[in-house]
Amino acid sequence: MMESITVANVALPTRDVFALLWFFVCSVGYTWYAELVSVKKRSLLNVMNQYRLQWMRQMLKRDNRMVDSTAVGNLLRSIAFFASSTILIVAGTISMMNYRDHAIEIISTLPFAVENQKQVWEIKTILLTMIFVYAFFKYTWSLRQYNYACIMIGAAPMPNEKLEQHEAYAQRAAGLIGNAARHFNMGLRAYYFGMAALSWFIHPWLLVVVTTWVVVVLYRREFRSKTLDFIAAH
């Protein structure tokens, strides 16, 4: 008989407990690592923040800021798309509760799929829902900050006004846009880990493998990608 660990009156198989702990260690650990290292080491976020500062400096030199407002507007539309899509995903994961038995039956027909107990299935569904709720909050906060950036661009002094304040203003505006991009990036990262969490419905060891693979992919893209080489080239 498979060993199990009782958590909150729910008997979870030991392999599921290990897989869940590994998922949290990887997702939380990588997020902590990326946030800590990205400010010191060359990364997509760090390099793009330098471009954002240069963008705001150039914005302050222009009489007409329409191009800057249009650029922020394009960013707003893409984030709004992700935010609205996340709402649909959350609604879908919640509705999975109502079709639990049918979904368990379908997944059980997949190769290598383990038998999903009803209570364990609910824990998996709750985890998936929480991940996308987290992503929704990140997207909406990013959306609000880009709205604030639009206001800062509109309120920016003209090229021949308050010249002594231009650099400080550019740094504040670039910092706001950079923080908005940071939260958007965290929302995207949650999507990656949400895809990994889906594998838990099939097999806990698959969750371990896919979560590890996601961490490798994220690290390579944020710190070792060709895209980073291109934008960081001088």
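Some notes on this structure:
- Taking Cα atoms only, the orientation of helix 166-198 departs from the longest principal axis of the chain by about 20 degrees.
- Range of Cα positions in the chain per principal axis (Å), largest first: 78, 34, 30
- A Cβ-based charge dipole, computed about the Cα centre of segment 78-234 with Lys and Arg at +1 and Asp and Glu at -1, lands at about 160 debye.
- Other-chain or far-sequence residues with amide H under 5 Å of L12's (modelled H): I5, T6, V7
- Helix-only CD estimate at 222 nm, as mean residue ellipticity for the chain, using -39500 (n - 2.57) per DSSP H run (n ≥ 4): -26500 deg cm²/dmol
- Where labels lie 7 Å past Cα in the beta-carbon direction, separation of E122 and C150 in nm: 4.3 nm
Any read-out appearing in this document is the output of simple, stated calculations on the displayed coordinates, not a laboratory observation. Here the structure is a predicted model, which is why all the values come from computation and not from measurement. Quick reminder, even Gly has a Cβ in these numbers, built from the backbone with ideal geometry, and neighbours come from all protein chains shown.
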